[in-house]
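Asks: Structure provided below as structure tokens; questions to follow.
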Amino acid sequence: MGFQSEFNSVCKFKSNQELYELLEYGRGKMVKSGFRVYPTGQKVIAYTPDNEAIAIVKILVSIAEINFQGEEVTQVEMELVRKLTEEEARIQTALAHEMFFGEQA
């Protein structure tokens, strides 16, 4: 058991449904496996499951717990600040691929 830090203001969605709810309703929640630390109160860049930058979100709540199945999970609640422009998304995506997700082909 241990916490994994989410550095450099990255919030990557694994579920298209969770991302859709955030973009559609302006607020959303995602569940990540393992204990993680998210920067509550800060703005971060949100990425799609395909590692594409899409929006700026504000982290409202980050709760690490053991669920009823005995799994370590972290629930993160956030609100949409704004979607990125096409140019911002392109630049942030390129930087994230180089820094976090691996080099672009």
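Asks: With the dipole of the chain worked out from charges on the C-beta (+1 for Lys and Arg, -1 for Asp and Glu) around the Cα centre, which of Val76, Thr40, Ala53 lies farthest toward the positive end?
Replies: Most positive-ward Cα: Thr40.
Asks: Separate question: Under 5 Å between amide hydrogens, which residues at least 5 positions from Arg27 or on another chain qualify, with H placed 1.01 Å from N in the peptide plane?
Replies: Leu80
Asks: A further question on this structure: Let me check against my output: what whole-number percent is the relative contact order of the chain, with C-alpha pairs under 8 Å and at least 6 apart? List each step's numbers first, then the result.
Replies: Numbers: 206 pairs, mean separation 27.1, N = 105.
The value is 26 percent.
Asks: What does the charge dipole of the chain about its Cα centre add up to, to the nearest 20 debye, if the Cβ of each Lys and Arg holds +1 and the Cβ of each Asp and Glu holds -1? Please report the intermediate quantities before stating the final value.
Replies: Working: 11 positive and 16 negative charges, 53 e Å.
Roughly 260 debye for the chain.
Asks: Going highest first, how would you order 56-62, 19-25 by mean Cβ packing within 10 Å? Each step should come with its number before you reach the end.
Replies: Values: 56-62: 17.9, 19-25: 15.0.
Final packing ranking: 56-62, 19-25.
Asks: Give a residue-ordered list of calculated ³J(HN,Hα) values for region 17-26 (Karplus: 6.51 cos²θ - 1.76 cosθ + 1.60, θ = phi - 60°; whole Hz; x for Gly, Pro).
Replies: Each residue's phi maps through the Karplus curve to give 5, 4, 5, 4, 4, 4, 5, 6, 9, x Hz.
Asks: So what is the diffusion coefficient of the chain in µm² per second by Stokes-Einstein at 4 °C and 1.567 mPa s, using a Kirkwood Rh over Cα pairs? Don't skip to the end; give the middle numbers.
Replies: Details: Rh = 14.1 Å.
Result for D is 92 µm²/s.
Computed from the coordinates by the stated procedures, all read-outs in this text should not be read as laboratory data. Treat the numbers as computed from the prediction; the structure is a model and nothing was measured. Cβ sites come from the backbone with ideal geometry, for glycine too, and all protein chains shown count toward neighbours.
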